[in-house]
Each structure stands twice: as C-alpha cells, then as structure tokens.
Ligand SMILES: [Fe+2]
C-alpha cells in the first residue's frame with residue numbers, strides 16, 4: 001500500500017462525525033442491495049461514533065426511476081425502519097451525474113446536501129469532461145446553487161490546471177476518504193494527497209457502497225499529522241451541512 005505519511009487515523013477519529021456521501025439507501029442504485037445490509041452497516045458506523053449521515057443515491061441515466069418523488073418515498077420508508085434500531089440521524093440528498101437528465105432533476109428541485117443552503121453533489125464521467133457540462137452548471141449556479149464536485153481526485157483526465165480552474169469557477173470539492181488509501185488506484189492516491197495538502201477540499205465523504213471495501217482499505221490510510229488535522233477540519237465542515 002502507499003505510504004504518504006506515518007500516522008494511522010486515530011481510533012476515535014469518526015466520533016461525532018457526519019458522512020455527506022454514501023449509497024446506504026437500499027435497493028435504489030449500485031450501493032447497498034437490501035435494508036438488512038444497510039442496517040448492519042449503520043450498526044457498525046454507530047459503534048465507530050458516527051452520528052449523522054446524508055444519504056446520496058445516484059441520480060443518473062442508469063437508474064431512470066430515481067427522481068425526487070420516488071427516492072424521497074424510499075428514504076422515508078427506510079428511515080422509519082432504521083430509527084427503531086439506530087441512533088444515527090439520517091437525511092436525504094443525492095449524487096447527480098452531469099448527464100442528459102441533470103436539467104430534469106434541476107427542474108424538479110435538487111435534493112441538496114445542505115438543509116438550508118443550496119449545495120448540490122455532482123459527479124461526471126471518470127473518463128472525460130463531456131461537452132455541454134459548463135453551460136448546464138452555469139445555468140444552475142445562476143440560480144444560486146453551489147456545485148460540490150464528488151471525488152475530484154478520481155477523474156482520470158483531470159490534472160492540476162483543471163482543479164484550479166474548477167476552484168476558480170466556485171466549485172466545492174468533496175474527497176472520497178478511501179482515495180487516500182489506494183482503493184481507487186495510484187493516481188487517485190497522488191491527487192487526493194496533493195489536494196488535501198493544498199487545502200483544496202471542503203468536505204470528506206465515505207461514498208460507501210458496501211462495508212467490505214471499507215473494512216479492507218480504511219486501515220491502509222497513512223497521513224502526516226498536518227493532513228490528519230486537515231481531514232478533521234473537513235469533518236467539521238460536514239457537520240455544518242447537516243445542521
Ligand atoms: Fe457516490
């Protein structure tokens with residue numbers, strides 16, 4: 001595994017924390033398949049001290065049934081079940097792919113990360129920055145929405161200049177925690193450590209699709225003391241989104 005620092009995350013690092021990106025809402029995308037598995041994960045996360053989670057199912061062409069109405073209904077059903085066995089507070093948002101359906105979701109009203117603000121979690125293709133995206137985002141931002149780019153470190157085409165340009169456009173960045181571990185390959189490790197060191201991230205999320213990947217890769221994260229502190233600040237920012 002990659003070694004970009006000497007220190008493991010402290011055991012209590014996630015105590016009191018809030019996750020802002022996960023696919024824990026069961027049966028609606030490529031994340032957790034059943035409510036039973038989601039409830040098992042919530043139990044484990046509660047043991048680690050996680051207190052709040054924003055569930056962000058995929059809204060993209062691959063899941064045509066995922067719209068605001070259907071997903072809100074799925075969420076309310078799951079939340080009612082989860083509340084019986086778990087103290088973690090749950091809220092609903094979404095992860096929007098910047099594809100042909102994005103503007104439909106805009107018209108129906110985005111499920112935002114923030115309760116009171118207008119932060120919208122967005123992702124693009126990992127392979128290429130598709131034409132037309134800038135125009136779509138311009139329209140949305142003119143309506144006072146703030147764009148949070150999910151896992152910028154994972155976009156294969158993105159180099160240093162892209163990141164600075166996106167920041168200049170006012171986009172926020174959300175780090176995928178496991179990018180630091182090598183779970184998504186060497187390029188994502190290099191980019192995530194660089195962006196963290198440069199203070200370019202605003203939030204950190206698990207992007208959890210299942211527990212297995214987490215159990216496997218979380219112990220491999222090694223950071224400098226300064227980067228552990230920077231990660232802690234991102235967790236503080238996460239909480240501000242929830243409240
Ligand atoms: Fe995701």
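The values are calculated or read from the model by the stated rules, or taken from the named source; none is laboratory data. None of these values were measured; they are calculated from a predicted model. Cβ coordinates were reconstructed from backbone atoms using ideal geometry, including for glycine residues, and neighbour counts include every protein chain displayed.
Here is how the numbers come out for the structure above:
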{"read-out": "Pairs with Cβ under 9 Å, 6+ apart, first in segment 21-35 and without any contact (Cβ under 8 Å) to a residue 60 or more places away in the chain, second within 9 Å of the ligand (Cβ to nearest atom)", "value": "28/57; 28/58; 29/23; 29/57; 29/58; 29/95; 29/209"}
{"read-out": "Some residue of segment 157-167 being without any contact (Cβ under 8 Å) to a residue 40 or more places away in the chain and either under 15 Å from the mean Cα position of the chain (by Cα) or within 16 Å of the ligand (Cβ to nearest atom) (or both)", "value": "no"}
{"read-out": "Cβ pairs under 6 Å, 6+ apart, first in segment 199-226 and touching a residue at least 24 places away in the same chain (Cβ under 8 Å), second crowded, with 20+ Cβ neighbours inside 10 Å and part of a loop (DSSP other than H, G, I, E, B)", "value": "203/20; 205/20; 205/21; 207/21; 209/23; 209/31; 217/183"}
{"read-out": "Residue match in segment 113-123 (condition: closer than 25 Å to residue 74 by Cα, in a loop (DSSP other than H, G, I, E, B) and within 16 Å of the ligand (Cβ to nearest atom))", "value": "yes"}
{"read-out": "Search result, residues across segment 161-181 that are outside any helix (DSSP H, G or I) and crowded, with 18+ Cβ neighbours inside 10 Å", "value": "171, 172, 173, 174, 175, 176"}
{"read-out": "Residue 144 more than 16 Å from the ligand (Cβ to nearest atom), closer than 17 Å to residue 170 by Cα and in a loop (DSSP other than H, G, I, E, B)", "value": "yes"}
{"read-out": "Verdict on residue 188 being within 23 Å of residue 56 (Cβ to Cβ), touching a helix residue (DSSP H, G or I) at 6+ places or on another chain (Cβ under 7 Å) and at pLDDT 90 or above", "value": "yes"}
{"read-out": "Of the criteria (1) within 16 Å of the ligand (Cβ to nearest atom); (2) part of a helix (DSSP H, G or I); (3) at pLDDT 95 or above, which one residue 236 fails", "value": "(1)"}
{"read-out": "Lone unmet requirement of (1) more than 16 Å from the ligand (Cβ to nearest atom); (2) at positive phi for residue 219", "value": "(2)"}
{"read-out": "Strands (runs of 3 or more DSSP E) fully within segment 1-99 counting 1 or more residues that are more than 16 Å from the ligand (Cβ to nearest atom) and out of contact with any helix residue (DSSP H, G or I) (no Cβ under 8 Å at 6 or more places or on another chain)", "value": "none"}
